[in-house]
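Visitor: The structure's right below; bear with me while I get my questions together.
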Protein chains: 2
Amino acid sequence: MLQQTIKMTPFITDEELAEKFKVSIQTIRLDRLELSIPELRERIKSVAEKSLEDEVKSLPLDEVIGEIIDLELDEHAISILEIRREHVFSRNQIARGHHLFAQANSLAVAVIDDELALTAKADIRFTRQVKQGERVVAKAKVVKLDKEKGRTVVGVNSYVADEPVFSGEFVMYRSKQS
Amino acid sequence: MLQQTIKMTPFITDEELAEKFKVSIQTIRLDRLELSIPELRERIKSVAEKSLEDEVKSLPLDEVIGEIIDLELDEHAISILEIRREHVFSRNQIARGHHLFAQANSLAVAVIDDELALTAKADIRFTRQVKQGERVVAKAKVVKLDKEKGRTVVGVNSYVADEPVFSGEFVMYRSKQS
């Protein structure tokens, strides 16, 4: 079950696994060692090295909110954002909506295979509160691409472990090509 | 025409007025003096002092993105955000969408007359690019309020001078009251 879970949700933390299986974090660590599953940081690194074949075109990489770990231009992209103190309401440690939006929106920009990418509109949903310390994995997928009209529709779904926390559909402008 | 324009859009800058009337900024300044219309900074201050009778309940004032200059809880609110270098894409000096979203979303939170206000969903449109140095005036209006179900719908329209740049409808959660 541990192997299966990590395969399906590779960016799950040991803490989240411990909670999911109702065991201690120490148990998760020992079981990972036994099964030769590397720790989260190594898993992220290996995914990033393997799959970031394409380069972001539409904006400098350091202007992307979150860390991009997968990118195939005009196809799909994945980024991870760790929710820290500066991302939450001081009163209840719940992540502020605009940070989840910023991660998803900048991923929708980054996935575009064009020097120009601007957001025209978006339809978004916050499906579960995200707390400080949680790690949000955003997955973007280009669902419609009309180069003649210069429009791209990008769907973004964000998760904490395997729970959906945010979803959005972004309509993006790009250069027109005839 | 100058008096009328400033009355309708009190947060317009001298630069924007000069451009609108195709005259120099100096001409606008002299005409303002002659008509005894105070400069923008003074106009903002006087509006803020006059109308901020209500206090933000749902979050600390310094967590609002932009400066709130008008607030009537569960009714309407206005905030101003000056677009600076940290708000724009380095490549083209166009304001990044998530900053306009953050201003609107935090205003939609601030207008709620409740200790708890969280965003459930939003439907947004970016109608014109905003450039560095421009001043965005966001106006929020509570369009639907269901205290029993704990739902509030807030419409936000943002402008630069009199041009619409952003619009959004936010569905907000609040505490349930029976």
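The values are calculated or read from the model by the stated rules, or taken from the named source; none is laboratory data. Worth saying up front: this structure is predicted, and the values here are computed from it rather than measured. Note that we place each Cβ from the backbone using ideal geometry, even for glycine, and neighbour counts take in every protein chain shown. These area figures cover heavy atoms from the full protein model, side chains too; ligands, DNA and RNA do not enter into them. Shrake-Rupley method; radii C 1.70, N 1.55, O 1.52, S 1.80 Å.
Visitor: Can you give me the accessible area per residue for the range B:132-178, using a 1.4 Å probe, in Å²?
Guide: On the way: 2440 Å² over 47 residues.
About 52 Å² of surface per residue is accessible.
Visitor: Hey, can you rank B:160-172, B:82-94 by average C-beta count inside 10 Å, highest first? It would help to have the intermediate numbers written out before the result.
Guide: Details: B:160-172: 19.5, B:82-94: 14.5.
Going by the mean number of other Cβ atoms within 10 Å, highest first, we get B:160-172, B:82-94.
Visitor: Could you work out, residue by residue across A:81-90, how many beta carbons of other chains sit within 10 Å of that residue's beta carbon, and then give the average as an integer? Present the calculation step by step, with values, prior to reporting the outcome.
Guide: Details: counts 0, 0, 0, 0, 0, 0, 0, 1, 7, 4.
Per residue, the number of nearby Cβ atoms from other chains is 1 on average.
Visitor: Got a number for carbon plus sulfur as a percent of the range B:1-139's accessible area, 1.4 Å probe? Don't skip to the end; give the middle numbers.
Guide: Values: 3510 of 7180 Å².
Here carbon and sulfur together make up 49 percent of the probe-accessible area.
Visitor: Would you kindly derive the ³J(HN,Hα) couplings of the range A:115-131 from the backbone phi angles with the Karplus curve 6.51 cos²θ - 1.76 cosθ + 1.60 (θ = phi - 60°), listing them in order in whole Hz, with x for Gly and Pro?
Guide: Those phi angles translate into 5, 10, 8, 10, 7, 8, 7, 8, 10, 10, 9, 9, 9, 7, 5, 10, 9 Hz.
Visitor: Go ahead and set up a Gaussian network model of chain B, Cα springs under 10 Å, then flag whichever of B:Ile65, B:Ile80, B:Ile37 fluctuates most.
Guide: Looking only at B:Ile65, B:Ile80, B:Ile37, the largest GNM fluctuation is found for B:Ile37.
Visitor: Other chains near A:118-128: what is the mean number of their Cβ atoms within 10 Å of each residue's Cβ? It would help to have the intermediate numbers written out before the result.
Guide: Values: counts 7, 8, 5, 8, 8, 5, 9, 6, 7, 2, 0.
For peptide A:118-128, the averaged partner shielding equals 6.
Visitor: Under a Cβ-only charge scheme (Lys and Arg +1, Asp and Glu -1), can you give me the dipole magnitude of the range A:2-48 about the Cα centre, in debye to the nearest 20? Numbers along the way, then the final one.
Guide: Values: 8 positive and 8 negative charges, 28 e Å.
So the dipole magnitude of the range A:2-48 works out to roughly 140 debye.
Visitor: Could you give the alpha-carbon Rg of the range A:52-174 over 2.2 N^0.38 Å, rounded to two decimals? Could the numbers behind the result be given before it?
Guide: Values: Rg = 13.9 Å, N = 123, 2.2 N^0.38 = 13.7 Å.
With N residues counted in the range A:52-174, Rg over 2.2 N^0.38 Å equals 1.02.
Visitor: Quick one: net charge around B:Leu61, please, counting Lys, Arg +1 and Asp, Glu -1 for every other residue with C-beta under 12 Å from its C-beta. Working shown, then result.
Guide: Numbers: positive: B:Lys57; negative: B:Asp54, B:Glu55, B:Asp62, B:Glu63, B:Glu67.
Here the count lands on -4.
Visitor: Now for a different question. Let me know the mean shielding of A:98-110 by other chains, meaning the per-residue number of their Cβ atoms within 10 Å of its Cβ. If you can, show how the numbers build up before the last one.
Guide: Working: counts 11, 2, 2, 8, 6, 1, 1, 4, 3, 0, 1, 3, 0.
Neighbouring Cβ atoms belonging to other protein chains average 3 per residue here.
Visitor: If you don't mind, there's one more thing I want to ask. Rank A:Ala110, A:Ala122, A:Leu71 by how far each Cα sits towards the positive end of the charge dipole of the range A:66-178 (+1 on Lys, Arg Cβ; -1 on Asp, Glu Cβ) and give me just the farthest.
Guide: Result: A:Ala122, furthest along the dipole toward the positive end.
Visitor: Per the Cauchy relation, a quarter of the hull surface: what is the mean projected area of the convex hull of the alpha carbons in the protein assembly as shown, in nm²? Let's see the in-between values first.
Guide: Numbers: hull surface 84.3 nm².
Here the figure is 21.1 nm², rounded to one decimal.
Visitor: Counting each DSSP H run of 4 or more residues in chain B as -39500 (n - 2.57), what helix-only mean residue ellipticity at 222 nm follows after dividing by all residues, to the nearest 500 deg cm²/dmol? Write out the running numbers ahead of the final one.
Guide: Working: 5 runs with 51 residues, N = 178.
-8500 deg cm²/dmol, from helical runs alone.
Visitor: Please list, ordered by chain and number, the residues whose modelled amide H lies under 5 Å from the amide H of B:Leu116; skip anything fewer than 5 residues away on the same chain.
Guide: B:Ser175
Visitor: Show me you know the interface measure: the accessible area buried between B and A, both chains summed, probe 1.4 Å, in Å² to the nearest 100. The partial results should precede the final answer.
Guide: On the way: alone 10580 and 10600 Å², together 18640 Å².
Roughly 2500 Å² of accessible surface disappears when B and A pair.
Visitor: Order of A:106-114, B:116-124 by packing, highest average Cβ count within 10 Å first?
Guide: On the way: A:106-114: 25.7, B:116-124: 19.8.
Order by mean packing, descending: A:106-114, B:116-124.
Visitor: Here's another thing I want to ask about it. For each pair in A:Lys20/A:Lys141; A:Lys57/A:Lys141; A:Lys139/A:Lys176; A:Lys131/B:Lys149; B:Lys121/B:Lys149; B:Lys121/B:Lys176, compute the distance between the two Cα atoms and list the pairs where it is over 21 Å. Before the final figure, lay out each step's value.
Guide: On the way: A:Lys20/A:Lys141 28 Å; A:Lys57/A:Lys141 16 Å; A:Lys139/A:Lys176 26 Å; A:Lys131/B:Lys149 24 Å; B:Lys121/B:Lys149 15 Å; B:Lys121/B:Lys176 18 Å.
Violating the 21 Å Cα-Cα cut-off are A:Lys20/A:Lys141; A:Lys139/A:Lys176; A:Lys131/B:Lys149.
Visitor: Once the principal axes of the Cα atoms of the range B:2-48 are found, what is the range along each, listed largest first in whole angstroms?
Guide: The Cα atoms of the range B:2-48 stretch 30, 18, 16 Å along the principal axes, largest first.
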